[in-house]
Amino acid sequence: MDASQQNRLREPFPPEHVGKLPKSGTMLDYVGHGAVTDRLLEVDPEWNWEPVATDDQGLPVFVYDEGLHPVALWIRLTIGGVTRLGVGTCGPKQFDAEKVLIGDAIRNAAMRFGVALDLWIRGQAEDAEAFVASDTRESRGRRNSTPAKAAESQVSEFNGLLGRLDDAGKARLKAWFTENECPPIAKASAQQAAGAIAAAREIAGDGGEVPDSPPDGTETATAQAAPLPGTTDTPSNGKEAAR
């Protein structure tokens, strides 16, 4: 990404692209997903986003609350060859939640590049699009509630990935837990678990893994590795188990 692209990304939006949002008894300015997308296309026609995690069908992995409503999505946004993370959030009763989450995640990640940063600094752009698209007054109630805990399927998936990592891979994953202040997987929120699963997948993809079944019944390196957050101190059959 060159200086001209950086400067263009940070340029304030013209008045016709800035909408008005009623919130807390006042009118706030915000820039919607469409205007942000137009800016990205102008700066880099080949810009791209991808989910941090995908399922077996290649679809984005959303974070779900206890009622199985999609409430968050982590993505990577690439502009001019530079990639940064972003997260989209919405309430548990959001209409067209998947669309809103994708749009919100793109806006959030674009902000990391300076897009509409002047509005974010004033606190006027946060969650605006999700608010406008919502069909319920309760759509933002989740922010004042306890985050949803990791689902059993998330814990199971994490432990499955963990069981495939060798000592070097486990050390890298343990460092990720420390750097991101993530609690043990069994005590993590659904959003934290999604991040841990994505990290484990990336580490395994870098080659830090061992075969599912070691030759001649020999013990895998997994059984000898130091315990990671969210695992027992004594592995069973070469596999790590959640607390």
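Read-outs throughout are calculated quantities, based only on the coordinates presented, and are distinct from any laboratory measurement. What you are looking at is a predicted structure, and each value in this text was computed from that prediction instead of being measured. With ideal geometry, Cβ positions are generated from the backbone for all residues, glycine too; neighbour counts draw on all protein chains shown.
Cα centroid separation, the stretch 60-96 to the stretch 150-207: 18 Å. As a proxy for reagent exposure, TYR64, TYR30 were ordered by neighbouring Cβ count within 10 angstrom, fewest first; the result is TYR64, TYR30.
Rounded if a/c is under 1.5, else prolate if a/b beats b/c, else oblate: with a ≥ b ≥ c from the C-alpha gyration tensor eigenvalues square-rooted, which is the stretch 1-123? It is oblate, given that a/c is not under 1.5 and a/b is not larger than b/c. Modelled label positions at LYS20 and ARG84, each set 7 Å beyond Cα in the direction of Cβ, lie 3.0 nm from each other. Residues whose amide H lies under 5 Å from that of TYR64, counting only those 5 or more places away or on a different chain, are VAL71; hydrogens are built 1.01 Å from N in the peptide plane. Packing order of peptides 65-72, 160-167, highest average first: 160-167, 65-72 (average count of other Cβ atoms within 10 Å over each peptide's residues).
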